[in-house]
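The values are calculated or read from the model by the stated rules, or taken from the named source; none is laboratory data. Small disclaimer: the values here were computed from a predicted structure and weren't measured. Cβ placement follows ideal geometry from the backbone for every residue including glycine, while neighbour counts extend to all protein chains displayed.
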Amino acid sequence: MNVIFIILDSLNRHYLPIYDGDWIETPNLECLTDKSYVFEKHFAGSLPTIPARREMWAGNYEFLWRPWGSLEPWDRPLPLVIKNSGTLAMLITDSYHLFEGGGQNYHIDFEG
């Protein structure tokens, strides 16, 4: 099984054809979804970029109790769990700051 986890910071699902939106054309994303399982009901407790990533990576509500921050030593990040299961975990991002000092350590458990 392959898992591709796509996070789009500035795109509302109501714009996407896969969710019955018709605002923009996304032919490559539509091709991918034709071969995929698409979650219809998903919710986030945090919407700003970094707090939402900690929620998705580590399963912890974030923005409700602290400002933007890194993964904590007690977190079990999803990329690490995937890697420990023998599956390749890779990150492709346009958020270059994830790789810089102060990037909150969200990239360290990916193998590529």
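A compact table of results
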| item | result |
| --- | --- |
| Boolean, ALA44 is surrounded by 12 or more Cβ atoms within 10 Å (Cβ to Cβ), small (Gly, Ala, Ser) and modelled with pLDDT of 85 or more | no |
| Selection from segment 60-91 of residues that are modelled with pLDDT of 80 or more and aliphatic (A, V, I, L, M) | LEU71, LEU78, LEU80, VAL81, ILE82, LEU88, ALA89, MET90, LEU91 |
| Segment 70-101, residues that are aliphatic (A, V, I, L, M) and closer than 12 Å to GLY112 by Cα | LEU88, ALA89, MET90, LEU91, ILE92 |
| Enumeration of residues in segment 14-41 that are charged (D, E, K, R) and surrounded by 12 or more Cβ atoms within 10 Å (Cβ to Cβ) | GLU30 |
| Condition check for GLY86: of a type outside the set (A, V, I, L, M, F, W, C), assigned by TED's automatic domain parsing to the domain that holds PHE110 and more than 16 Å from the chain's Cα centre (by Cα) | yes |
| Sole exception among (1) in a helix (DSSP H, G or I); (2) at positive phi for GLY86, by number | (1) |
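Okay, residues lined up against (1) part of a helix (DSSP H, G or I); (2) in contact (Cβ under 8 Å) with a residue 24 or more places away in the chain; (3) out of contact with any Cys (no Cβ under 8 Å at 6 or more places or on another chain):
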residue: HIS14; (1), (2), (3): yes, no, yes
residue: ASN28; (1), (2), (3): yes, no, yes
residue: LEU32; (1), (2), (3): yes, yes, yes
residue: HIS42; (1), (2), (3): no, no, yes
residue: ALA52; (1), (2), (3): yes, yes, yes
residue: MET56; (1), (2), (3): yes, yes, yes
residue: TYR61; (1), (2), (3): no, no, yes
residue: TRP68; (1), (2), (3): no, yes, yes
residue: GLU72; (1), (2), (3): no, no, yes
